[in-house]
Structures are given as structure tokens and as C-alpha cells.
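All remarks here apply to the structure that follows.
The values are calculated or read from the model by the stated rules, or taken from the named source; none is laboratory data. Note that the structure is predicted; figures quoted are calculated from it, not measured. Cβ coordinates were reconstructed from backbone atoms using ideal geometry, including for glycine residues, and neighbour counts include every protein chain displayed.
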Amino acid sequence: MSINKVGVVGAGQMGNGIAHVFALADYDVVLNDISQEALDKGIATVTRNLDRQLSRGKISQEQMDAALARISTTQELSVLGDTDLIIEAATEREDVKNAIFERLLPHLKPETILTSNTSSISITRLASRTDRPEKFMGFHFMNPVPVMQLVELIRGIATDEETFKTLLGVVESLGKTAASAEDFPAFIVNRILMPMINEAVYTLYEGVGSVKSIDESMKLGANHPMGPLELADFIGLDTCLAIMNVLHDGLADTKYRPCPLLTKYVEAGWLGRKTQRGFYDYRGETPVPTR
């Protein structure tokens, strides 16, 4: 299969990063979102991140200009109909993802590959709601997409070998490394990472340590580049909670029970960096622990 034109659904944190790396790797990209404001913000983020790469000598001005020229935007899903590969990077909610694929299907070419950037939802189940489960895969990028080298490739039960090999080639063309994961809740990275973050929240909840002491302990004691609570804020506490719920529901094991404090922060709307408050308050010059 030849992949030349890529559709990305969702211009948020993940979607604009995916558009960035594909455009820089010489793919034509159509970026879709439901609002023009989200699209404008997404393109502004891509421009800023490309400019950062330019200032560090990682790309040339010509590469930056060419990448931006390869990205077009649309609020209409039907415009993605002539793409060879579609990457859904919308909200981590199964009903939203199913609705997107349902609206896309009438407009697609028979050979178009469908993928989801989901971090935890069953690929087999998402694929079963489409007309091409054999051409459907999990295509999970890490955040921030332009920086992180790993892409998880997740085959559903019906995914054929040709689709897998095609996407393996696409990952290589992006200069990234693919990890093949089985279709079980949260796959590899989040199956390991999210329970660690959840345990850090329990450690805070039970008063074992403060936000600062927990994060410093893991940075200096385990050589982690970022503390687990700081990382949770970066990912988004709503996303962390959603993945823990998928793990808890999908594996029916109490060790995956989301910490009540994590739920409470999400209920408060304190979702981390994107809302300016989470385990840290980001409204001042330097982040301040909220507990």
C-alpha cells in the first residue's frame, strides 16, 4: 500500500503533533477539527514547534516552510475522503471515536487505512464498528509527538498483515521506532505508566509524602526526568483517570482502581497544565504544588 496523503482528526495536543511529524516527513496532511478556533490554534502550535526545531538547527527554513505548506485544514470530515491513511486523535471517549468513524465511512476510498491514536480503548471493538476491520489499527503516538521516538502499533483481532507492514513502514519513514503491542487495555506504555502515576496519587492521598517530595523522590531516587505528579499534569488528569477506568473495567482487578483523589481533581476541573491547575498551580511564574 502506498501512503501519500494523511488525514488527522483532532487538532489538539496530539493531533497537531501528528500533523507536524507527517508534514515534516513529506506527507500531505489534512487536519480536521470541529471548530476553526481549534484548527487555528493547532497550526499556531505546529508553527511554534517547527520554529523551535529551526532555532536548534534540527531543520532548515526550507524544511519548515515546506512542512507548513503541506498541511491544510478543514472542519468537514468528508474532505478527508481522498486520504490514504486516517489517524483519529480526538477525545479519549469511545462514543466520540465511534461517531467520527461512522461519519467518515461513506466518504472513504476502499483502500484507506483507518487508525486511532487511542491510549487505551480496544482496537478490536473500534474496528468492529467500521466496514474495514482488516484495515484498522491502533497508531499510538507519545506526547509530545515531535520529540518522543516511540509509536505503539496495536493490531485488532481482524487486522491483516499488509496493514501492519504498511504502518510499520510509515513509522520508519517518520524516523520513529515502532513497538508492536497486543490489543489489551492500555497496551504497553500506559499499562505500566498509569498504575505508577495512580500509585503516586495514592501516596499523596494517604499522606505518605507531599507533591514536592513524591516528585523529587522519583526524579532523584529513580532517575526519572519528570516526577509522576508533574507528568500526570502534563498528560492531563482527565486522560489519566480515563485510562485507569479502562484498565479497571477491562481487567477487573482492584489494583487498577483509580485513586479517589485523582477523581476529585478531575471533578474540580483541575486537569493539569491545560487548565492551569492540577497537582501544581501554573498561574504564576513558577509551578506551585496544590497540596
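Just to check your reading of the model, which residue among Arg155, Arg93, Arg129 is in contact with a helix residue (DSSP H, G or I) (Cβ under 8 Å, 6 or more places away or on another chain) and loosely packed, with under 14 Cβ neighbours inside 10 Å?
Working: Arg155 fails: loosely packed, with under 14 Cβ neighbours inside 10 Å; Arg129 fails: loosely packed, with under 14 Cβ neighbours inside 10 Å.
Of the residues listed, the single one that is in contact with a helix residue (DSSP H, G or I) (Cβ under 8 Å, 6 or more places away or on another chain) and loosely packed, with under 14 Cβ neighbours inside 10 Å is Arg93.
Kindly evaluate Arg277 against the criterion of being within 20 Å of Asp215 (Cα to Cα), surrounded by 15 or more Cβ atoms within 10 Å (Cβ to Cβ) and at pLDDT 95 or above.
On the way: within 20 Å of Asp215 (Cα to Cα): yes; surrounded by 15 or more Cβ atoms within 10 Å (Cβ to Cβ): yes; at pLDDT 95 or above: yes.
The answer is yes for Arg277.
Within segment 49-60, does at least one residue satisfy the condition of being more than 14 Å from Ile86 (Cα to Cα) and touching a strand residue (DSSP E or B) at 6+ places or on another chain (Cβ under 9 Å)? Walk me through it before giving the result.
Within segment 49-60, the subset more than 14 Å from Ile86 (Cα to Cα) is 49-60.
Retained after the next criterion (residues that are touching a strand residue (DSSP E or B) at 6+ places or on another chain (Cβ under 9 Å)): none.
No, segment 49-60 contains no residue that is more than 14 Å from Ile86 (Cα to Cα) and touching a strand residue (DSSP E or B) at 6+ places or on another chain (Cβ under 9 Å).
Within segment 250-274, can you find the residues that are free of Cβ contacts under 8 Å to residues at least 60 places away in the same chain, surrounded by fewer than 16 Cβ atoms within 10 Å (Cβ to Cβ) and either part of a helix (DSSP H, G or I) or not charged (D, E, K, R) (or both)? Walk me through it before giving the result.
Within segment 250-274, the subset free of Cβ contacts under 8 Å to residues at least 60 places away in the same chain is 252-254, 257, 260, 263-273.
With surrounded by fewer than 16 Cβ atoms within 10 Å (Cβ to Cβ) added as a condition, the list becomes 252-254, 257, 260, 263-264, 267-269.
Correct list: Ala252, Thr254, Pro260, Thr263, Lys264, Glu267, Ala268, Gly269.
Within the set of pairs 6 or more residues apart or between chains, which connect a residue that is assigned by TED's automatic domain parsing to the domain that holds Asp28 and assigned to a helix (DSSP H, G or I) inside segment 61-72 to a residue that is surrounded by 15 or more Cβ atoms within 10 Å (Cβ to Cβ) and among the β-branched types (Val, Ile, Thr) with Cβ atoms less than 6 Å apart?
Qualifying pairs under 6 Å: Arg70/Val29.
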